[in-house]
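S.K.: The structure under discussion is supplied below as structure tokens; questions concerning it will follow.
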Amino acid sequence: MSNALPLGRSFKIDSQSSVSEFSSSGSFRNIQSLADWRTYLPNYNLSFINPEIKCVRPERLWIVTHPISPEHLHQALQWRYAVKKFDSHKKIPDHTWKVLEESLVLTPSSFGLQPWRFYVVTDMTVKSQFPAISWGQTQVRDASHVVVLTAKSELTTEDVERYIHSISTTRQVPLESLAGLKNVIINSLQNPPAGMNVREWNIRQVYIALGNLMTAAATLGIDTCPMEGIIPAKYDEILDCRKDGYETVVVCTLGYRAEDDKYAAAAKVRYPLEQLIFHVEQ
Ligand SMILES: Cc1cc2nc3c(=O)[nH]c(=O)nc-3n(C[C@H](O)[C@H](O)[C@H](O)COP(=O)(O)O)c2cc1C
């Protein structure tokens, strides 16, 4: 939508009915009159921020924009469950699928190294081979899309150089200015965090992509089942990914739940929030 409010930015609307955007320099830039915005506001999900200011200076209303409302996000997360039975007749539309692929590409990784590849399998002849190497589970055959998330088994200095080049060209900065970063990354490969080896470190990154994909899918009303009940080496054989230095970590099946999947109605089993989340505050 061309008139969309930019996401994650703060605005204030003052008593003069003008809308301003908070800029990083600390000043406000006048944008448009409130009358114009009022036409569009109902289309957006807005949160009020800084309620203290709202109280002390009631003439000012602060808002922050975000893609969906907190209530919608909560609803989507509650709706998601690990699907046991997909409706094999339903396929994810292309334009929706493309965004889900972007959720993989946009996944953050340590240093931004992206030590992964994602294989998207929709071919029925290939999918049909999967239950036999997935503890007999049928989601890998019946889901619309099967994503095999693989990690790079090792990272070399060439991988780091490729990444540094990518930063240089994307952000138009000279390679020399990235020499320090390059050394820090190479040192980290020699001494990965928490005593891990690089392979384990890479596998951890892949799970971030899995989470990102599942949350993105739920937000779009697409069902998923994350699956570790697989024989990774057999997936590697079918995908022939080892030759390029990648190994299967986990699978995510995506599509639409079957109407008779009884797990859809099962209550979520989660420890109470108070036992999981601890606030450190004044
Ligand atoms: C890494 C991972 C691997 C999983 N592997 C399987 C699997 O192979 N088959 C399956 O049916 N569910 C699998 N699950 C689903 C979990 O059993 C499920 O997420 C958990 O019981 C919580 O239920 P919910 O996702 O329905 O809320 C896996 C989940 C995760 C996060």
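S.K.: Counting only residues that are closer than 17 Å to residue 156 by Cα and more than 12 Å from the ligand (Cβ to nearest atom), give me the helices (runs of 4 or more DSSP H) lying completely in region 179-272 with at least 1 of them.
M.R.: Correct list: 179-190, 198-219.
S.K.: Another question, then. Could you check, for region 181-190, whether at least one of its residues is surrounded by 11 or more Cβ atoms within 10 Å (Cβ to Cβ) and modelled with pLDDT under 95?
M.R.: yes
S.K.: Separate question: Please go through region 273-282 and give me each residue that is within 16 Å of the ligand (Cβ to nearest atom) and more than 30 Å from residue 115 (Cβ to Cβ), ordered by number.
M.R.: 273
S.K.: Would a scan of region 161-172 turn up a residue that is aliphatic (A, V, I, L, M) and not assigned by TED's automatic domain parsing to the domain that holds residue 105?
M.R.: From region 161-172, those aliphatic (A, V, I, L, M) are 164, 167; that's our starting set.
Cutting the leftovers down to not assigned by TED's automatic domain parsing to the domain that holds residue 105 gives us 164, 167.
The answer is yes, given that some residue of region 161-172 is aliphatic (A, V, I, L, M) and not assigned by TED's automatic domain parsing to the domain that holds residue 105.
S.K.: Can you find a residue in region 227-241 that is in contact with a Leu (Cβ under 9 Å, 6 or more places away or on another chain), modelled with pLDDT of 95 or more and on the phi < 0 side of the Ramachandran plot?
M.R.: no
S.K.: Only residues that are within 13 Å of the ligand (Cβ to nearest atom) and either in a loop (DSSP other than H, G, I, E, B) or free of Cβ contacts under 8 Å to residues at least 60 places away in the same chain (or both): list them for region 112-140, please.
M.R.: Correct list: 130, 131, 134, 135, 136, 137, 138.
The values are calculated or read from the model by the stated rules, or taken from the named source; none is laboratory data. Keep in mind that this is a model prediction, so the values were computed, not measured. Backbone-built Cβ (ideal geometry, glycine too); neighbour counts: all protein chains shown.
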